[in-house]
Amino acid sequence: MTSQKPYKRTDRVGLQILQILGEITTRHINISHLGFITFTQVNVSPDLRHAKVFYSVLNKKLSQERVHSELNALAKAYRKYLGQKIRTKNTPDLTFIEDDSLKHEDHMMKIFHKLNKNDS
């Protein structure tokens, strides 16, 4: 009898990386000068060599381009600490990408509010 995993290995590794990145941010790498950054999701390639880390920024202190470039400049430091914690053959290369789902959700909510006002 084989046990079925609830989701793919890449999803499990992505969740593990997400948790570890949070720990790294609180213990080793200070990014508070960029604003309040939350890592929202990690997509890992099937060979586990590359990972896209999606983030959102609240209370931005710098421009979006600057935040993006500073986070990607810290990718090697994050990878160093990640390699010490994760138990995979290869430590994935990290690429940070802004998660615009919150902006999209806000935009959609504004549209719904406008529609509700027009119906009244």
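Laboratory data are not the source of any read-out in this text; all were calculated from the coordinates shown. Just so it is clear, the structure is predicted and the values come from calculations on it, not from any experiment. Cβ sites come from the backbone with ideal geometry, for glycine too, and all protein chains shown count toward neighbours.
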Dipole magnitude (debye, nearest 20) for the range 9-119, charges at Cβ of Lys, Arg, Asp, Glu: 400 debye
Charge-dipole axis of the chain as Lys and Arg at +1 and Asp and Glu at -1 on Cβ define it, positive-most pick from ASN118, THR95, GLN19: GLN19
Under the Karplus curve 6.51 cos²θ - 1.76 cosθ + 1.60, θ = phi - 60°, whole-Hz ³J(HN,Hα) for the range 60-77, x wherever Gly or Pro sits: 4, 9, 10, 5, 4, 5, 5, 4, 4, 5, 5, 5, 5, 5, 8, 4, 5, 5
With the crude spin-label approximation of a point 7 Å out along Cα→Cβ, what separation in nm comes out for ARG87 versus MET109? 4.1 nm
Kindly provide the Kirkwood hydrodynamic radius of the range 9-119 in Å, to one decimal, from all pairs of distinct alpha carbon atoms. 15.2 Å
Which residues does a label at SER101 reach in the range 37-79, if reach means a backbone N under 16 Å from a point 7 Å past the Cα toward the Cβ? 38-44, 52-58
